[in-house]
Structure formats: C-alpha cells, structure tokens
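The values are calculated or read from the model by the stated rules, or taken from the named source; none is laboratory data. Worth saying up front: this structure is predicted, and the values here are computed from it rather than measured. The accessibility values were calculated without ligands, DNA or RNA, using every heavy atom of the protein model including side chains. Shrake-Rupley method; radii C 1.70, N 1.55, O 1.52, S 1.80 Å.
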Amino acid sequence: MDVESSICQGNEDSGPSESGIKIPDRMLKREQDRLEDVERKKEAKNSQSVTEEKSGFFTATFSSERATIEELLEGCSGATDRALATQTLEKVTTKTQFLQKFLNDSMVFLPQYELRQAQAALQKLQNSLAEKRDEILPKKKFAFRSRAANTPKVDPPAPPVTPKDSGRTKVDGAISPPEQCGFSHFEAQVLTKSGAEIKQQDVLLTHLTNCKVRLLGSPSTIHIKHVQNCEIFSGPVSSSVFVDHCTGSTLSFPCQQLRTHHTTDTQVYLHVTSRAIIEDCQGVRFAPFAWSYLGLDQDFKVSGLDRERNNWNQVDDFNWLALGTQSPNWSVIPETERRTEWDS
C-alpha cells in the first residue's frame, strides 16, 4: 500500500482534496469558522466607522445650521424694518423645520447623549423664535368666541379657576400660569386651540373630565395628566407626548416619542417615528393615526416628522420583560373596532 492510499483510507470522512490529499472535515469547518469570524469583525468595524462618520456629519451640519439660525434671530433684535424682520423670521422658521426633520431622520444612529443635547438645543431655538415672533409681530387683542362663554371669569390677581376648581388639588403644586398653552380643570367642555395659538409651544392638558380637546396645529410637546373619559386629538407633535394617569379616553396624535404611565382602558390612534413606551398601564389599545383636519399636511412639515415611518404597533412595556411573549397590558385594536367617525 502506497502513502497516498494510506492517507485516503485514514480520512474516509474528509472533504475536498488538494494534490490528491483529502482534508478532514473538522479542519475545513475550523477554517470556515475562522474566515466567517474575520468577516464579522470586518463588517462590525466598517459599521462602526459608518456610524461614526454619520454622527460626525450630523454634528457638523447641526452646529452650522444652529449658528446660522442664532445669527438670523440676533439680526432681528432692534430691527426697524418690519417687512424685512418678518421675512427673516419666515426664513428662520423654514430653517428650524429643516433642522427638526434632520434630527428626526438621524435618531436611528445618534448616541442617546448626543440626541438629548440636540433636542435641547433645538427646543431652545424654537423658544427663541416664538419669543422673537411675539416681539416683532405682537398679536392683536381679540374677543373670545362663543365657545369661550363657559370659560370661568378671572378677577386679578386670583388664579384662573372654574366653579368646580374650588377645593381641588393644584397641578404639581400650583395652578398653571396664564401664559401656559393648554387647558386645566374643565369638565364636559369642547376645548380647541388653533395653530396660531399653539405655535410650536409645549401644551399642558390636565385635570380634564368628559372633555373633547382638539389641537389644530403642531405643538413642540404635549403633557396629558389626570384625564378621565376624554377625547384628545392633536396635530403632529415635533418631539414627545407624555401621558400620565389617563383613564377611559381616546387619544390621537402623530409624534416622535410616546411615553405613557399609569393609564388604563385607553385607545391611542398613533403615528410615532420611534417606539412607544408604556409603564404601569393596563388595557391600552393601539391603532394607526387616522384623524384629519384642514392644514394637517402643513403641520406635518412644521413638525419635521417622517410621514412614511410609523411604528404605531411597536410598543415597549417596561413592566413586561418576557422576550418573545406579548405583553398583556396592551393590544392592537381590531380593524372592525377602529374608529372611523372623528367629528361626532
């Protein structure tokens, strides 16, 4: 028996051969695993490089646009030409909307710390824009419309209250100041804010019972607290919606982020570009955002939200850690049960 025959007989389970000598399968597998590991490390390194490159591009672009906006706002101070100042504010508004969309589109790869910094900087720019707009283009005085007839009368310096406010606990220790955008301590009322009233401000809705709330504009954020048996519909919210102690209600809005706490038996018609979060909740049901009103398309542009990205059924329950098993605290509203009439 020659050497080659001996090798072949001793490697009956071998794989392909080179120069007539067969290589054992275990050696082939070991080499294949090694090559795959090298490839994985290479891909991970490339992915990290791409992420860092994107992050660096975002930081440079965001900083540059932010500086430009701040310079334009500074140029409006003390301006005597009202028409020129108005034109500048329109330019700032457009640039701020671009910056909001740029931030929304970059969320998927930004580190959390950098994301929070950018959100805070953008919020500061939006506040400065609102202040400058009020300074240069002050609102005209107006009379309340008929729907405001039920609004409680206020005798300065007493805080604004309704007849049912007597003896009630103040929100977070104090009644909201008059300049707060939103509604507080109402029962069985239809409450509406227009886009001109909202102007990318934070909106607070608290201690409402059996009310219908319509926000026809693009808020910066919405805080919903201590709400019972209400309908709350809003236009696109450029950042977050926070819900706390909400019961038996129907909510509908587009937003970047939703955080819901201590909420029960509530339906949410949602458009969200990240993932919704619930905690200490029960009986919360979700469906896609479907409410519409005149001016919705423009408000989406103002908010900077991506209309093509909606994670309405991607919900993280912080009280349910069983991976791969549906949380019992939330569910999807069956199509046959979803609301189709919105103005009733």
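The table that follows gives values for the structure above.
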{"read-out": "Surface per residue (accessible, 1.4 Å probe) for the range 297-344, Å²", "value": "69"}
{"read-out": "Fully extended contour minus Cα-Cα distance, from residue 130 to residue 33, at 0.36 nm per residue", "value": "29.0 nm"}
{"read-out": "Accessible-area composition of the range 189-292, carbon plus sulfur, in percent [1.4 Å probe]", "value": "48"}
{"read-out": "P(r) tail fraction, the range 173-256 - alpha-carbon pairs more than 17 Å apart, %", "value": "38"}
{"read-out": "Which listed pairs, of 95/193; 124/193; 101/132; 91/124; 101/199, have C-alpha distances above 19 Å, in listed order", "value": "95/193; 124/193; 101/132"}
{"read-out": "Whole-Å distance, taken between Cα centres, linking the range 310-326 and the range 251-299", "value": "15"}
{"read-out": "log₁₀ of I(q)/I(0) at q = 0.12, 0.13, 0.15 Å⁻¹ - the range 200-320, Debye sum with one point per alpha carbon", "value": "-0.36, -0.43, -0.58"}
{"read-out": "Solvent exposure of the range 189-269 as accessible area per residue, Å², 1.4 Å probe", "value": "28"}
